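Data block below; observations after.
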Amino acid sequence: MKYIKGSSGQGLLLPSENNLTLTAYCDSDWGGCQTTRRSVSGYCIFLGSSIISWKSKKQTNVSRSSAEAEYRTMDNSCLEIVWLQYLMHDLKVPSNLPTRLFCDNLAALHIAANPVFHECTKHIEIDCHIV
């Protein structure tokens, strides 16, 4: 509340002429923290051309590969997208188009497109296959 009180002149621009589709972008580094070797995840979600949600956070697990780090970021992004879709539905905001999630790691995209059992992704399957 102290931050909000001190930054009352700040805000998000939501144009009156804007499409109401969600678009998300996510990225992570791999083992970026020198102390714990945990990856840092980040995503931003736009409603039309306006950013409405963003987050950057150190992951709770140590990822074994860059693909796993990116896939965990996609997982967190999907959870936020689903929550925003439910919020838009509750607010009666029409949204007929699917949300596009952009990721720059081809291996993570292949895992998301075909989440069948693979020995190298068995440890990811338990908590991340919401993507």
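The values are calculated or read from the model by the stated rules, or taken from the named source; none is laboratory data. Please read all numbers here as calculations on a predicted model, not as lab measurements. Using ideal geometry, Cβ is built from the backbone for each residue, glycine included, and neighbour counts are taken over all protein chains shown.
I'm told residue 96 meets every condition in (1) modelled with pLDDT under 90; (2) under 16 Å from the mean Cα position of the chain (by Cα); (3) among the polar types (S, T, N, Q) except one. Can you identify the failing condition by its number?
In the conditions (1) modelled with pLDDT under 90; (2) under 16 Å from the mean Cα position of the chain (by Cα); (3) among the polar types (S, T, N, Q), residue 96 misses (2) alone.
Quick one: residue 51 ticks every box in (1) touching a Cys at 6+ places or on another chain (Cβ under 8 Å); (2) β-branched (Val, Ile, Thr); (3) buried (at least 17 other Cβ atoms within 10 Å of the Cβ) bar one, so which box is it?
In the conditions (1) touching a Cys at 6+ places or on another chain (Cβ under 8 Å); (2) β-branched (Val, Ile, Thr); (3) buried (at least 17 other Cβ atoms within 10 Å of the Cβ), residue 51 misses (3) alone.
Within the group 73, 36, 21, which residue is over 16 Å from the mean Cα position of the chain (by Cα) and in contact (Cβ under 8 Å) with a residue 24 or more places away in the chain?
Only one candidate qualifies: 36.
Restricting attention to region 63-87, report how many residues are more than 17 Å from residue 105 (Cβ to Cβ) and not polar (S, T, N, Q).
8
For region 52-70, enumerate the residues that are in contact (Cβ under 8 Å) with a residue 24 or more places away in the chain and more than 20 Å from residue 19 (Cα to Cα).
Matches in region 52-70: 55, 58, 59, 62, 63, 64, 65, 66, 67, 68, 69, 70.
Looking at region 1-18, which of the residues that are under 23 Å from the mean Cα position of the chain (by Cα) and not polar (S, T, N, Q) is surrounded by the most Cβ atoms within 10 Å (Cβ to Cβ)?
So in region 1-18, the residues under 23 Å from the mean Cα position of the chain (by Cα) come out as 11-14, 18.
Okay, now just the ones that are also not polar (S, T, N, Q), so 11-14.
Values: 11: 7, 12: 8, 13: 8, 14: 12.
Ranking the candidates gives 14 first.
Looking at this structure, is residue 79 among the aliphatic types (A, V, I, L, M), free of Cβ contacts under 8 Å to residues at least 40 places away in the same chain and out of contact with any Ser or Thr (no Cβ under 9 Å at 6 or more places or on another chain)?
No, not satisfied.
Hey, could you check region 72-93 for residues that are more than 23 Å from residue 60 (Cα to Cα) and charged (D, E, K, R) and say which is modelled with the lowest pLDDT?
92
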